[in-house]
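Take a look at the structure set out below.
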Amino acid sequence: MLAAAASVRLSPASTTKLTFKPIHLPPLPNAGLRPLSLSARPLYHQEPFLAASRDDRAASMAPPAATADGARPVETAETARSAKIGVYFATWWALNVIFNIYNKKVLNAFPYPWLTSTLSLAAGSAIMLASWATRIAEAPQTDLDFWKALSPVAIAHTIGHVAATVSMAKVAVSFTHIIKSGEPAFSVLVSRFFLGEHFPASVYFSLLPIIGGCALAAVTELNFNMTGFMGAMISNLAFVFRNIFSKKGMKGKSVSGMNYYACLSMLSLVILLPFAFAMEGPKVWAAGWQNAVAEIGPNFVWWVAAQSVFYHLYNQVSYMSLDEISPLTFSVGNTMKRISVIVASIIIFHTPVQPINALGAAIAILGTFIYSQAKQ
């Protein structure tokens, strides 16, 4: 029991004393005192590791230990991600180079770009339908609104795809890609005058080497063809509108990059088919096919199959890479892709290139790289 009494002297001269009365507390329960524990907290569930000793808890709060090779888990994860992006880029560039080589081989022997473009889209559509049917890839959940939003994107994609193929049929692969490196100039001009967007001065200045380099390459091209030049220019413009429509209409659509491109290919195929029949037609295709097989032999069939399949694969990988990297990294990768295609095509097809022509190409590609940096 607790009892207390005390006398307090207020001052040396004072004799008055204050006395405290005893306070009687009720007796404690017979169970006695219990030490506090986590089990006394009803809102939390006591996990086994919470009952560990203080030393164990301190050890668990310490930074993760390094692995045997000295690398920490976070560093290892970042290294793995960088390696994955590197694989994406290497695969993207390799598939693009292979496609352009076989596409040019086919067009040299079979100069019918409308059918060639149709076969590329048909191959990609068949590959993805088979992937969805066999559950290799998960089919996207789409509705009517999705396909309505995708329609203008598919129209622009179809125009750009056919125009690029027409260009490849008329001029060298390297020249087509030099002109296509001018796409950023179209992007800025369309965004500025049609959408009212404004850009910093550095972006406008970066267009000067792009435009100047493309102009220099075009003027000094030994095998210049106006149809091929215009095809590449129309392709640039169409792909700019494709990107604009895609950003505006596809916001909030939860579809992966791979499935998005698959749906885009299928809708583009539906759009392109009637125009392909109208522009060329089965009779022209049959006669051209016979001539190509007679000239090249059975390998021509493999060339057609290869260019069709690799067209879909390189585009699929590029759209998949967009899920993993930033737009700036993608732009830099696209610039490097054009360099690899230009160099590979010049070597394989023995394309004659004058020094002044090569200088124009280098200036245009450098301008594209500067633009990608200034835009971000």
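Note on the range 106-120 and the range 179-230: Cα centroid distance 27 Å, given to the nearest whole angstrom. Modelled label positions at residue 189 and residue 278, each set 7 Å beyond Cα in the direction of Cβ, lie 2.7 nm from each other. In this simple spin-label model, placing a label point 7 Å from the Cα along the Cα-to-Cβ direction at both residue 254 and residue 134 gives a separation of 2.8 nm.
Protein-only accessible surface at a 1.4 angstrom probe places the residues 301, 166 in the order 301, 166, largest first. Rounded, prolate or oblate: pick one for the range 199-325, where a ≥ b ≥ c are the square roots of the eigenvalues of its C-alpha gyration tensor, a/c under 1.5 means rounded, and failing that, prolate if a/b is larger than b/c, else oblate. Judged from the Cα gyration tensor, the range 199-325 comes out oblate (a/c at least 1.5, b/c at or above a/b).
Distance between the pseudo-spin-label points of residue 343 and residue 142 (7 Å out from Cα toward the beta carbon): 3.8 nm.
Taking amide hydrogens as placed 1.01 Å from N in the peptide plane, the amide H of residue 142 sits under 5 Å from that of no residue at least 5 positions away in sequence or on another chain. Can you work out the PRE-style zone for residue 211? Point 7 Å along Cα to Cβ, and I want the residues of the range 322-364 with backbone N under 16 Å. In the range 322-364, the label zone of residue 211 (backbone N under 16 Å from the point 7 Å along Cα→Cβ) covers 364.
Around residue 169, under 13 Å between beta carbons, what's the net of Lys plus Arg minus Asp minus Glu among the other residues?
Net local charge, residue 169 excluded: +2.
Surface calculation, 1.4 Å probe, protein heavy atoms: residue 191 sits at approximately 10 Å² accessible. Of the residues 198, 312, the one with the largest accessible area comes first in the ranking 198, 312, computed with a 1.4 Å probe on protein heavy atoms. Residue 89 exposes around 30 Å² of accessible area when a 1.4 Å probe is run over every protein chain in place. By a 1.4 Å probe calculation restricted to protein chains, residue 216 has an accessible surface near 50 Å², given to the nearest 10.
So how do 336, 320 rank on accessible area, 1.4 Å probe, biggest first, that is with the largest at the start? Write out the running numbers ahead of the final one.
On the way: 336 85, 320 50 Å².
Largest accessible area first, the list is 336, 320.
The values are calculated or read from the model by the stated rules, or taken from the named source; none is laboratory data. As the structure is a computational prediction, the values presented were derived from the model and not from experiment. Neighbour counts run over all protein chains shown; Cβ positions are idealised from the backbone, glycine included. Each accessible area value is taken on the protein alone, full model and side chains, heavy atoms only, with ligands, DNA and RNA left out. Shrake-Rupley method; radii C 1.70, N 1.55, O 1.52, S 1.80 Å.
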